[in-house]
Amino acid sequence: MLESLHLGPHTKDYFEDLNTEYTTQFVIARDTGERVIVKEPHKCEMWRWFSWSHLQQLQPKLFKPINSLLQLGVTLNELKSHLNSGPTL
């Protein structure tokens, strides 16, 4: 379970194979330590937590909006600041 949900940055990505542009709104939250559950196994094989530095090492293998977020140069401290000041959901 996640708590303290706040709006984070957003990205716009064009998916060539779908000929469609998507806007992804990221949400920043505090982790309560509970295990995540895959609710749509036909769409998502698994959920897995990664450190911010490890995510950067996985580029460009990540989902396109995650790559775009990393390319924005957003830092982990900037994301954490949303927990104290960003709009609450």
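The values are calculated or read from the model by the stated rules, or taken from the named source; none is laboratory data. Just so you know, these numbers come straight off a predicted model, no measurement behind them. Please note: Cβ atoms are built from the backbone with ideal geometry, for glycine as well, and neighbour counts cover all protein chains shown.
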> Can you name every residue in region 28-54 that is in contact with a strand residue (DSSP E or B) (Cβ under 9 Å, 6 or more places away or on another chain) and of a type in the set (D, E)?
Replying inline: D31, E34
> Hey, D13 hits all of (1) surrounded by 11 or more Cβ atoms within 10 Å (Cβ to Cβ); (2) within 13 Å of the chain's Cα centre (by Cα) but one; which does it fall short on?
Replying inline: (2)
> Can you tell me which residues in region 17-28 are surrounded by fewer than 10 Cβ atoms within 10 Å (Cβ to Cβ) and at pLDDT 95 or above?
Replying inline: N19, T20, E21, T23
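Condition check ((1) farther than 24 Å from E16 by Cα; (2) out of contact with any His (no Cβ under 8 Å at 6 or more places or on another chain); (3) of a type in the set (A, V, I, L, M)) across all residues:
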| residue | (1), (2), (3) |
| --- | --- |
| R30 | yes, yes, no |
| V38 | yes, yes, yes |
| S51 | yes, yes, no |
| L58 | no, yes, yes |
| I66 | no, yes, yes |
| L69 | no, yes, yes |
| E78 | yes, yes, no |
